[in-house]
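Reading through the structure tokens given below for one structure.
Every number in this text was worked out from the coordinates using simple rules, so none of it is lab data. For clarity, every value in this text was computed on a predicted model and none was experimentally measured. Counting neighbours? That spans all protein chains shown, and the Cβs are built from the backbone with ideal geometry, glycine included.
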Ligand code: TRP
């Protein structure tokens, strides 16, 4: 990557629980690396998206806004350089979603592979909340509102970016000019981290992820439980490193690349026990998460200050999103939102209610 890029970056997370190492490997580490090196970077706390399948438990979303903001600060995101934006505080995002919904078919929504997998995972049959099926459209609103060109995400988000670009292309065709730019995904070198149980993906809903706020003991216990090679029974047996979660995590997080390569070779040859490899991984994760935990605890002492950061980023985002909304309203022959609001205030004198 260049030293400086001209991109506008937008990415975000659903505040449904604390962020974990899967988020870190897939996207968070890239955000920290990109901070200050691009034109702008916005980080979205996607509370409206989280509500699309948590409307029955809104407290969970409300509580986790602060938790996720703390995670951001803990990993080193600086709200002055990477404003934190609360999705529900930017009403233009909801209106953009309404306009974009007219450009998307139900069949297209049902074909989105990530949404399909999530519908299965949550056991929805015909009782899918309509908002859930449509959340990729709301995500298109998030990305285009900021005219973002780069979106650091894990690989499960690629279908969302594809749908975003389809919508942007339709808006541009309708408007007869480029109103919304094309967005590109930025995948990390570990776009998908496996769960500690060996399942394909670490996720909070599967309960197989190590959260960034895990205590030192929780980290050690998770490493001890990690799925390795079930056929590697004796230390002297040759072992598999592919499909072995400990090696997947070493590949993702151990800065000593040569050391990891040597461990892998020894393991495949035989003569290296799981406990040695797990000990190394535990050291690596404690070194990564220790400072994150400390910073998190420091910020957690002043939650009001954390929410002031969120409010400031959200206020800045409102202005930007309102401009994009007016462009899109124009495509549909609608006047700018402020014009209409201003006229009705001026002209209309409502009768005073009789007391
Ligand atoms: N869908 C993302 C997730 O599940 C969160 C998200 C919402 C997002 N809006 C976004 C990601 C815009 C990137 C860009 O984590």
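Among the DSSP beta bridges whose two residues both lie in the chain, what percent are antiparallel, rounded to the nearest 5?
Antiparallel bridges make up about 5 percent of those DSSP assigns within the chain.
How far, in degrees from 0 to 90, does helix 91-101 lean away from the longest principal axis of the Cα atoms of the chain, to the nearest 10?
Taking Cα atoms only, the helix is inclined about 90 degrees.
How far is the Cα center of segment 32-71 from the Cα center of segment 103-167, in Å?
17
With an 8 Å cut-off on Cα pairs and a minimum separation of 6 or more residues, tell me the relative contact order of the chain in percent.
For the chain, the relative contact order is 22 percent.
Stretch residue 295-residue 240 to full length: gain in nm at 0.36 nm per residue minus the Cα-Cα span?
Values: separation 55, 0.36 × 55 = 19.80 nm, distance 3.69 nm.
Between residue 295 and residue 240, full extension yields an extra 16.1 nm.
Separation between the residue 105 and residue 225 pseudo-spin-labels, each 7 Å from Cα along Cα→Cβ, expressed in nm?
Here the modelled spin labels are 4.5 nm apart.
Assuming 0.36 nm per residue, please report the length gained on full extension of the stretch residue 130 to residue 32 beyond their Cα-Cα distance.
Using 0.36 nm per residue and subtracting the Cα-Cα distance, I get 31.8 nm.
As a test of the formula, what do you get for the chain when each DSSP H run with n ≥ 4 contributes -39,500 (n - 2.57) and the sum is divided by the residue count, at 222 nm and rounded to the nearest 500 deg cm²/dmol?
Details: 15 runs with 188 residues, N = 355.
After summing the helix terms and dividing by the residues of the chain, the value is -16500 deg cm²/dmol.
Ordered by packing density, taken as the mean number of other Cβ atoms within 10 Å over each peptide's residues, highest first, how do 185-191, 5-11 rank?
Working: 185-191: 17.6, 5-11: 19.9.
Descending packing order for the listed peptides: 5-11, 185-191.
Against the longest alpha carbon principal axis of the chain, how many degrees, from 0 to 90 and to the nearest 10, is the axis of helix 158-175 turned?
20
Could you work out how far apart the two model spin labels at residue 286 and residue 63 are, taking each label as a point 7 Å from the Cα in the direction of the beta carbon, and quote it in nm?
3.0
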